[in-house]
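S.K.: After the structure tokens below, expect a handful of questions from me.
The values are calculated or read from the model by the stated rules, or taken from the named source; none is laboratory data. Just so it is clear, the structure is predicted and the values come from calculations on it, not from any experiment. Neighbour counts run over all protein chains shown; Cβ positions are idealised from the backbone, glycine included.
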Amino acid sequence: MTWHPEAVPDAHGNTVVVTGANAGVGYFASEQLAAAGAHVVLACRSQERAEAAVSAIRRRVPGASVEATPLDVSDHASVAGAAAALLERERLDVLLLNAGIVHAPADRAVDARGNELVLSTNVLGHFQLTALALPVLERTPGARIVTLGSLATLLARFPLDDLQLDGSYTSWKAYAQSKIAAQVFGFELDRRLRAAGADIASVVVHPGYSTSGRTPGIRGVNQPSKVKRFADNLQAAWTQGKDHGAWVPVRAALDPEVRGGDFLGPRWVTKGVPARALATPTTRDRAVGERVWALLEEYSGQRFPLGR
């Protein structure tokens, strides 16, 4: 299973939606997918930043087919509106679930429904969006759902009795736990899709240790300070730019050899070309998957039209 990031398969005729695509890995995945010929929809909370990203892709990829659509994954109504717009499309080949909070707030915050904000943004909104957009994925042969996980899943415990972090919140725990839940969702989703006989693959990825200071500067998208670049370049031996981190979800989206339930990451764990990776046993555990699925339905208020 080899992959050359500079020679990706042709994606003309494919429609790809990338959440949180105005910066970071999401932006570069969108740019690379557009360069491969896909029509890319940047689903973003900020219209201004989304349009800046669209403009950047058009500058850097002549003839790119790209557009922006509003989506705030922490807002129940916004997610419902975005999903309704997706259902009007003829096809949806790839739904890339990338949006999220990386630098969690120091103090616990909640969304309008009372859910812990990092969990809401990194997991619940994507759960709702995927459930509501399922019909357009089902009518697209070979559709894929790609969930962005994290190396943080290797470094944290996962207490199922405290997913909302009531009384035990720290910013690190909120981020790490949300990414564990995201990976659990991605793997459990694939098991349920298979059981339902759906022609949809759910793939989970992580981008390694990708930093903005080692990422190409792009006006309106990535403009790190000189201090940030200096600090990040001191870690060059084990880090990479977010443009290289984006290679992993792009492979998950386009490689014909990728299958549902696969887990991909950089070859050298923190950096490198994308390859198959080892997920933590917790994120692949069926019993954990069933329990987390039930909690995601409860917290999001969204029933998912796939049984077991």
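S.K.: Just to be sure I understand the filter: pairs with C-beta atoms under 6 Å, separated by 6 or more residues or on different chains, first member in the range 6-21 and without any contact (Cβ under 8 Å) to a residue 12 or more places away in the chain, second member polar (S, T, N, Q) and not in a strand (DSSP E or B). Which pairs pass?
M.R.: Qualifying pairs under 6 Å: none.
S.K.: Sticking with this one: Give the residues of the range 80-112 that are within 26 Å of SER150 (Cα to Cα) and of a type in the set (Lys, Arg), sorted by residue number.
M.R.: ARG108
S.K.: Only one of VAL184, VAL203 is of a type in the set (Val, Ile, Thr), under 14 Å from the mean Cα position of the chain (by Cα) and not in a helix (DSSP H, G or I). Can you tell me which?
M.R.: One residue alone meets the criteria, VAL203.
S.K.: Still on this model: Given the criterion surrounded by fewer than 17 Cβ atoms within 10 Å (Cβ to Cβ), within 21 Å of the chain's Cα centre (by Cα) and modelled with pLDDT under 85, identify the matching residue among PRO256, PRO224, PRO216.
M.R.: Criteria check complete, one pass: PRO216.
S.K.: Quick check on this structure: which one of ALA246, ALA252, ALA195, ALA176 is in contact (Cβ under 8 Å) with a residue 60 or more places away in the chain and touching a helix residue (DSSP H, G or I) at 6+ places or on another chain (Cβ under 7 Å)?
M.R.: Going through ALA246, ALA252, ALA195, ALA176 in turn, just one is in contact (Cβ under 8 Å) with a residue 60 or more places away in the chain and touching a helix residue (DSSP H, G or I) at 6+ places or on another chain (Cβ under 7 Å): ALA246.
S.K.: Can you name the residue in the range 273-298 that is in contact with a strand residue (DSSP E or B) (Cβ under 7 Å, 6 or more places away or on another chain) and surrounded by 19 or more Cβ atoms within 10 Å (Cβ to Cβ) and, of all such residues, is farthest from THR239 (Cα to Cα)?
M.R.: Restricting to residues being in contact with a strand residue (DSSP E or B) (Cβ under 7 Å, 6 or more places away or on another chain) and surrounded by 19 or more Cβ atoms within 10 Å (Cβ to Cβ), the top hit is ALA279.
S.K.: Considering the range 78-127 alone, what residues qualify as being among the acidic types (Asp, Glu) and touching a Ser or Thr at 6+ places or on another chain (Cβ under 7 Å)? Give the derivation first.
M.R.: First, the residues of the range 78-127 that are among the acidic types (Asp, Glu): 88, 90, 93, 107, 111, 116.
Selection gives ASP93, ASP111.
S.K.: Scan the range 29-66 residue by residue and report those that are out of contact with any strand residue (DSSP E or B) (no Cβ under 8 Å at 6 or more places or on another chain), closer than 23 Å to LEU129 by Cα and hydroxyl-bearing (Ser, Thr, Tyr).
M.R.: Across the range 29-66, the qualifying residue is only SER46.
S.K.: Mind checking whether some residue in the range 288-301 is closer than 14 Å to PRO5 by Cα, within 18 Å of the chain's Cα centre (by Cα) and not in a loop (DSSP other than H, G, I, E, B)?
M.R.: no
S.K.: For residues that are within 14 Å of the chain's Cα centre (by Cα) and of a type in the set (A, V, I, L, M), scanning just the range 3-32, find the one that is surrounded by the fewest Cβ atoms within 10 Å (Cβ to Cβ). It would help to see each step written out before you state the result.
M.R.: As a first pass, look at the range 3-32 and keep what is within 14 Å of the chain's Cα centre (by Cα): 16-30.
Of the ones still in play, those that are also of a type in the set (A, V, I, L, M) are 16-18, 21, 23, 25, 29.
Numbers: VAL16: 28, VAL17: 27, VAL18: 33, ALA21: 34, ALA23: 22, VAL25: 31, ALA29: 31.
The selected residue is ALA23.
S.K.: Taking the conditions exactly as written (closer than 25 Å to PRO305 by Cβ, in contact with a Lys or Arg (Cβ under 7 Å, 6 or more places away or on another chain) and crowded, with 21+ Cβ neighbours inside 10 Å), does ALA195 satisfy them or not?
M.R.: Values: closer than 25 Å to PRO305 by Cβ: yes; in contact with a Lys or Arg (Cβ under 7 Å, 6 or more places away or on another chain): yes; crowded, with 21+ Cβ neighbours inside 10 Å: no.
Against the criterion (closer than 25 Å to PRO305 by Cβ, in contact with a Lys or Arg (Cβ under 7 Å, 6 or more places away or on another chain) and crowded, with 21+ Cβ neighbours inside 10 Å), ALA195 does not qualify.
S.K.: Continuing with this model, one more query. Return the total of residues in the range 234-258 being closer than 30 Å to ASP199 by Cβ and charged (D, E, K, R).
M.R.: The qualifying residues number 3.
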